[in-house]
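Each remark here refers to the structure printed beneath this line.
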Amino acid sequence: MYSEKVMDHFMNPRNVGEIEDADGVGEVGNAKCGDIMKIYLKIRDNRIVDVKFKTFGCGAAIASSSMATELIKGKTIEEALELTNKAVAEALDGLPPIKMHCSVLAEQAIKAAIEDYRRRQQEKQVNS
Amino acid sequence: MQRRVYMDHAATTYTKQEVLDEMLPYFKEIYGNPSSVHGFGREARKAVDLARERTAAALNVSPEEIYFTSGGTEADNWAIKGVAWANKERGNHIITTSIEHHAVLHTCQYLEKMGFEVTYLPVDSYGLVYPEQVKEAITDKTILISVMFANNEIGTIEPIKEIGQIARERGIYFHTDAVQAVGHIPVDVKDMNIDLLSLSAHKFYGPKGVGALYIRKGVKLHPFIHGGAQERNRRAGTENLPGIVGLGKAIELAVSNLEENSKRLTAMRDRLISGVLNSIENVRLNGHPTKRLPGNANFSFEFIEGESLLLSLDMKGIAASSGSACTSGSLDPSHVLLAIGLPHEIAHGSLRLTLGDDNTDEDIDYVLEVLPGIVKRLREMSPLFAQHKGGKHYV
Ligand SMILES: Cc1ncc(COP(=O)(O)O)c(C=O)c1O
Ligand code: FES
């Protein structure tokens with residue numbers, strides 16, 4: 001049911017883990033099946049220099065997390081915000097229709113992490 | 001070559017060689033229509049009769065009480081709708097349980113839309129139905145009680161004899177979905193006061209797409225499939241001749257080796273269960289420790305999700321199944337796991353391993369060897385596990 005690429009990213013996921021001093025952390029849950037995805041970002045000069053994830057979910061959710069983190073690594077924040085779940089699914093050579101929502105989770109987790117980063121930046125400005 | 005281990009026998013079994021050997025002539029050599037008057041037909045009829053006798057003997061009933069169907073699903077549909085429509089003048093109330101197979105549950109939900117009332121009895125944390133609760137649920141409108149013999153997911157064996165006795169005393173028809181039980185544990189229809197019983201050949205090393213409904217003599221129910229006069233006017237359609245032959249042989253084999261097989265499987269199952277519980281943390285056994293099907297083991301691993309567990313096992317050649325929402329097609333977790341009181345996230349990490357004839361002690365060793373590593377790898381990827389280790393619990 002899954003493409004070879006999905007299985008590759010599931011069995012050998014890229015960027016699994018946490019970043020201790022992350023600049024932005026996003027955690028989202030899936031209303032559909034109850035899964036959870038957490039993304040950590042390290043950002044320098046508006047660019048994502050490191051990214052890690054942890055996911056509690058199905059094969060498609062883990063592969064989507066892995067692929068999404070690969071796709072935004074080295075990108076600017078603006079570029080990362082443009083990442084859609086469709087692009088993640090396409091990069092994985094497609095997902096079964098019932099599993100499309102798992103790639104939505106990846107898109108949302110990245111957006112949430114960037115939002116968290118921006119909020120922290122604002123707080124820093126207010127405090128300094 | 002990689003080891004391949006099939007541990008999904010509750011989903012289906014392979015067809016035994018002896019069974020296949022008996023079936024094969026009925027495709028090409030003995031292919032008459034059992035309803036035909038000529039010799040070709042009479043030969044086919046003889047084979048159907050023999051299968052019916054074998055099935056009846058396995059259940060301790062008479063051959064006239066066995067009706068062949070296209071499987072367990074049809075038998076369940078027929079029993080429930082057939083009784084409901086034929087007895088609606090007497091009452092409109094049906095009692096069943098919250099852990100039935102969808103073949104029963106969805107049939108009952110359909111009847112609710114048609115004006116029937118259905119009580120779905122709760123179960124305890126092991127998945128057991130309490131006979132007293134059955135008794136309390138009975139009203140003067142109750143026409144049918146349907147309780148499964150053994151659960152397909154968690155393997156729990158229900159107190160069928162006690163429930164049958166209650167039904168008999170109150171003059172209410174009692175149906176049991178025995179698809180997972182027949183050929184695996186003793187089923188004595190007479191002794192257990194069963195009026196209707198569903199079974200399916202592919203769960204006991206027979207072919208897929210054939211099953212039977214036992215209907216006690218005198219039970220009032222409507223036909224479900226209308227047409228020709230087959231099955232004594234109660235189930236129309238030209239008989240699935242090779243399938244019925246296969247069912248007859250398979251049930252005979254299963255019942256004659258039942259005790260020995262059940263002992264062997266129970267020992268393997270218990271070694272698998274204790275092996276998993278001892279080598280992995282934060283895991284629970286779902287279902288009853290002893291009142292369970294000989295081949296059934298069902299676990300919940302905290303902090304991980306079932307589909308990713310199945311995929312990882314599959315990569316190691318192990319075939320299993322899960323009640324996780326992500327595997328369900330509807331994205332709802334198993335209704336059985338929710339009914340025994342598991343929270344969604346624990347139902348999520350469920351794994352069912354069901355053993356069968358072709359499994360060996362080496363298979364158990366192999367699963368016990370690879371499973372801890374798989375669980376560990378998935379937990380390391382899980383945000384829930386990180387929070388758990390950090391002393392925080394996800395709520
Ligand atoms: C308890 C139970 N009832 C009914 C069925 C349906 O049987 P069949 O596959 O023969 O339609 C199954 C098998 O999946 C089952 O496990
Ligand atoms: S995470 Fe549940 S279906 Fe993908």
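Using a Förster distance of 56 angstrom, determine the FRET efficiency expected from the C-beta separation of B:D124 and B:S36, and round it to 0.05.
Details: r = 53 Å, r/R0 = 0.95.
Result of the calculation: an efficiency of 0.60.
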Kirkwood-based Rg/Rh on the Cα set of the protein assembly as shown evaluates to 1.06
Computed about the Cα centre, the charge dipole of chain A from +1 Lys/Arg and -1 Asp/Glu charges at the Cβ has a magnitude in debye, to the nearest 20, of 120 debye
Looking at segment A:49-73, residues buried by 20 Å² or more relative to their chain on its own, accessible surface at probe 1.4 Å, turn out to be A:K54, A:T55, A:F56, A:G57, A:C58, A:I62
The simple spin-label model distance between A:E82 and B:Q17, using points 7 Å out along Cα→Cβ, in nm, is 6.4 nm
One finds, for B:E260 and B:N233 with R0 = 30 angstrom and r their Cβ-Cβ distance, a FRET efficiency to the nearest 0.05 of 0.15
Whole-Å distance linking the alpha carbon centroid of segment B:89-131 with that of segment B:224-290 is 22 Å
Heavy-atom accessible area per residue of chain B, all protein chains kept, 1.4 Å probe, expressed in Å², is 41 Å²
For the protein assembly as shown, cysteines with no other Cys Cβ under 4.7 Å from their own Cβ are listed as A:C33, A:C102, B:C108
Using alpha-carbon positions, the gyration tensor of chain B gives root eigenvalues a ≥ b ≥ c; with a/c under 1.5 called rounded, otherwise prolate if a/b exceeds b/c, else oblate, the class is oblate
Distance in Å, no decimals, from the C-alpha centre of segment B:1-79 to the one of segment A:70-85 is 59 Å
Buried accessible area between B and A, both sides, 1.4 Å probe, in Å² rounded to 100, is 2000 Å²
What helix-only [θ] at 222 nm does chain A give? Using -39500 (n - 2.57) per DSSP H run of at least 4, over all residues, to the nearest 500, the answer is -15000 deg cm²/dmol
If the label point sits 7 Å along Cα→Cβ of A:N127, residues of segment A:12-39 with amide N under 15 Å come out as A:21-25
In segment A:46-128 the accessible area split gives carbon plus sulfur, as whole percent at 1.4 Å, a share of 49 percent
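The values are calculated or read from the model by the stated rules, or taken from the named source; none is laboratory data. These numbers were taken from a predicted model, which means no experiment stands behind them. Neighbour counts run over all protein chains shown; Cβ positions are idealised from the backbone, glycine included. SASA here: full protein model, heavy atoms, side chains in, ligands and nucleic acids out. Shrake-Rupley method; radii C 1.70, N 1.55, O 1.52, S 1.80 Å.
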